[in-house]
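Written out below as structure tokens is the structure these notes cover.
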Ligand code: GRG
């Protein structure tokens, strides 16, 4: 059995190195304190000990098709920038209103709200700068495929759309299908993209791309379910953020609809289905199987 936490720590090193180079040197090039302030806020919201789960998926799926880490780092960091922007904006008073993220003050607490909005905007646009950069030596048509897939996953039909469904629930908000759709857009879409990205970079055939897409969808759903389960079973110290928030606000999620036991059973079923998707893929898929288990066994 692989040490997933150790593997994630290696991914964190690669991602942090790339982002440090980008945010450090770009920030340093700019004269004056104000733009530097923006870069500092962007660093606060991105170089702060996240699990780097999405970049890890990019590396592991790309590896199946023999793609090097040097090539995959661009897609890996682009998706992490989008993820970090979403967390910064989600923590704002107008959204989830959180003071803590990854165990440290949220960006609007450490700086202010305007800078947190702008730091999120900065990371969002940086993601597409990274993918379109000439130093990213992927074929131009594959870069466009990646850009299209990431914009779809993060935009109105993906994460942003899911956030709107979450913030403005309809009267049938207790409907499990609707909650699942909201979560597959809000949380699942970026996880699915992370699995697709390795296949796109590796020029995988259509069947393999589809298998990884479905694997990504299933583990994305399980990831959110695990998050809802941890929200009621884990401590704030363990999660590095406030817990029990959905319950406190009377918000409906899969655990409140299904109950803890059924939610845990559904998470297990999703993971078994995800593992089934790996059977026909090339290369050694053991690690992707272990990642699937990690999704529902993680402690934060
Ligand atoms: C503001 C446009 C916009 C979208 C926000 C993703 C999201 C949508 C909000 C985050 C709220 C949240 C806690 C969702 C649950 C699942 C999730 C995305 C958890 C955080 O991901 P991890 O566990 O976090 O990978 P780290 O910090 O390890 O990167």
query = Would you pick out the residues in segment 275-286 that are in a helix (DSSP H, G or I) and over 15 Å from residue 60 (Cα atoms)?
reply = 276
request  = Would you be able to say whether some residue in segment 67-76 is more than 15 Å from the ligand (Cβ to nearest atom), part of a loop (DSSP other than H, G, I, E, B) and surrounded by fewer than 21 Cβ atoms within 10 Å (Cβ to Cβ)?
outcome  = yes
query = For segment 167-180, how many residues are within 16 Å of the ligand (Cβ to nearest atom) and without any contact (Cβ under 8 Å) to a residue 40 or more places away in the chain?
reply = 1
ask   = Which residues, counting only those in segment 186-209, are free of Cβ contacts under 8 Å to residues at least 24 places away in the same chain and more than 13 Å from residue 61 (Cβ to Cβ)?
value = 205, 206
key: Residues within segment 194-207 that are surrounded by fewer than 24 Cβ atoms within 10 Å (Cβ to Cβ) and in contact with a helix residue (DSSP H, G or I) (Cβ under 6 Å, 6 or more places away or on another chain), tallied   = 1
ask   = So is residue 146 assigned to a loop (DSSP other than H, G, I, E, B), modelled with pLDDT of 95 or more and in contact with a helix residue (DSSP H, G or I) (Cβ under 6 Å, 6 or more places away or on another chain) or not?
value = no
key: Unmet criterion (only one of (1) buried (at least 22 other Cβ atoms within 10 Å of the Cβ); (2) closer than 21 Å to residue 89 by Cβ; (3) more than 16 Å from the ligand (Cβ to nearest atom)) for residue 129   = (1)
request  = Only one of these is at pLDDT 90 or above, surrounded by 12 or more Cβ atoms within 10 Å (Cβ to Cβ) and within 13 Å of the ligand (Cβ to nearest atom): 10, 63, 43, 51. Name it.
outcome  = 51
key: Residue check for residue 91: within 16 Å of the ligand (Cβ to nearest atom) and touching a strand residue (DSSP E or B) at 6+ places or on another chain (Cβ under 6 Å)   = yes
message = Can you tell me how many residues within segment 94-107 are more than 17 Å from residue 168 (Cβ to Cβ), surrounded by fewer than 18 Cβ atoms within 10 Å (Cβ to Cβ) and touching a helix residue (DSSP H, G or I) at 6+ places or on another chain (Cβ under 7 Å)?
response = 1
ask   = What is the residue count in segment 197-237 for residues that are farther than 24 Å from residue 73 by Cα and assigned to a loop (DSSP other than H, G, I, E, B)?
value = 2
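The values are calculated or read from the model by the stated rules, or taken from the named source; none is laboratory data. All figures in this text were calculated on a predicted structure; none of them were measured in a lab. Here the Cβ is made from the backbone with ideal geometry for all residues, glycine too, and neighbour counts use every protein chain on show.
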